[in-house]
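**Q** Just dropping this structure here.
The values are calculated or read from the model by the stated rules, or taken from the named source; none is laboratory data. Note that the structure is a prediction, hence the values are computed from the model and not measured. Reconstructed Cβ throughout: ideal geometry from the backbone, glycine too, with neighbour counts over all protein chains shown. With ligands, DNA and RNA removed, areas are computed over all heavy atoms of the protein, side chains included. Shrake-Rupley method; radii C 1.70, N 1.55, O 1.52, S 1.80 Å.
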Amino acid sequence: ECLSARMLLIGAGKMGKLVVKHLIAKGCKKVVVVNRSVERVDAIREEMKDIEIVYRPLTEMYEAAAEADVVFTSTASETPLFTKEHAEALPAISDAMGGVRLFVDISVPRNVSACVSEVGHARVYNVDDLKEVVEANKEDRLRKAMEAQTIITQELKRFEAWRDSLETVPTIKKLRSYADRIRASELEKCLQKIGEDALTKKMRRSIEELSTGIVNKLLHGPLQHLRCDGSDSRTLDETLENMHALNRMFSLDTEKAIIEQKIKAKVEKSQN
């Protein structure tokens, strides 16, 4: 884990600076930096305040490596800094860190000999290995992007179906209004027959709930066929066809005109 592993960076050039940025992004709070001069390390320390940077001179490189769990190498050295013999001489890593010291060599030419990986408690990753990791990550991101695109397409279809089905909302309102008026009218007739004096509040409420329950159950099927959100097999064309059928069956298109006529007749009757 980045938070508990002891990090060592050898080389404070451009690549070394990128390593420090990466460590900060991973939540690391401390890194030891070995470099020929302290000036570059000071410059990185000045720029990056979110991590503690401990400078050690090049002469203390192997001592610093002995105290590190992960060693990043990024120098312009023409000869390897770590050979198999060097790695074997380093103390073992605690089991808490997996018992293996990691060498991440991002230098060209290599700072860590390939034979270091033959040491039991050492593992080496070089530029070629990192390229493979990058390619694998790219493929994984591409696959996830394609999966996300499929989800987006599905949700878009559902949204468009829902948006287009809003055309049925007026019919839904008219059908519910039509049913509610019948319910209210029949309920009033029922209550008058029984007589207000014979009804307790609880009885009246029970009768009203009964009438509401019957209407809701009867409307459930028709109203479901007026909704289209892409979550079922019903197409928008089917939904609109159902809307027109219900309009015809219940004369919902002419309902408004009929109501207006009734209101007009009542007004005229009251005036006469």
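**Q** Output the qualifying pairs, or none if there are none: Cβ atoms under 7 angstrom, residues six or more apart or on different chains, first residue in the stretch 25-53 and closer than 24 Å to L81 by Cβ, second residue basic (K, R) and open to solvent by less than 70 Å² (accessible area, probe 1.4 Å).
**A** Listed by first residue and then by second, the contacts come to V32/R56; V34/R56; I44/K17.
**Q** Moving on. Is at least one residue of the stretch 38-47 surrounded by 11 or more Cβ atoms within 10 Å (Cβ to Cβ), in a strand (DSSP E or B) and in the same structural domain as L18 (by the TED database)?
**A** No - not one qualifying residue is present in the stretch 38-47.
**Q** Continuing with the same structure: Inspect all residues belonging to the stretch 119-129 and state whether any of them is closer than 28 Å to K29 by Cβ, open to solvent by 80 Å² or more (accessible area, probe 1.4 Å), in a helix (DSSP H, G or I) and of a type in the set (F, W, Y).
**A** no
**Q** Moving on. What are the residues in the stretch 1-35 that are open to solvent by 50 Å² or more (accessible area, probe 1.4 Å) and within 20 Å of N111 (Cβ to Cβ), if any?
**A** Within the stretch 1-35, R6, K14, M15, K17, L18, K21, H22 qualify.
Table: residues versus (1) in contact with a strand residue (DSSP E or B) (Cβ under 8 Å, 6 or more places away or on another chain); (2) within 30 Å of T75 (Cα to Cα); (3) assigned to a helix (DSSP H, G or I).
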residue	(1), (2), (3)
S117	yes, yes, yes
K131	no, yes, yes
L156	no, no, yes
T168	no, no, yes
L175	no, no, yes
D180	no, no, yes
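**Q** I've got another one for you. Within the stretch 43-70, track down each residue that is among the aliphatic types (A, V, I, L, M) and farther than 16 Å from K29 by Cα.
**A** Matches in the stretch 43-70: A43, L58, M61, A64, A65, A66.
**Q** For S185, only one of the following conditions fails: (1) at pLDDT 90 or above; (2) over 33 Å from the mean Cα position of the chain (by Cα); (3) open to solvent by 70 Å² or more (accessible area, probe 1.4 Å). What is its number?
**A** (3)
**Q** Can you tell me which residue among G213, G221, G230 is open to solvent by less than 90 Å² (accessible area, probe 1.4 Å), within 29 Å of P170 (Cβ to Cβ), at pLDDT 90 or above and small (G, A, S)?
**A** Testing whether each residue is open to solvent by less than 90 Å² (accessible area, probe 1.4 Å), within 29 Å of P170 (Cβ to Cβ), at pLDDT 90 or above and small (G, A, S) leaves just G213.
**Q** Can I ask one more? Considering only residues that are at pLDDT below 90 and open to solvent by 30 Å² or more (accessible area, probe 1.4 Å), look in the stretch 89-99 and name the one that is nearest to R6 (Cα to Cα).
**A** This residue is M97.
**Q** Next question, about the same structure. Say whether the condition of being within 42 Å of the chain's Cα centre (by Cα), in the same structural domain as G16 (by the TED database), open to solvent by 70 Å² or more (accessible area, probe 1.4 Å) and under 22 Å from S4 (Cβ atoms) is met by at least one residue in the stretch 54-77.
**A** yes
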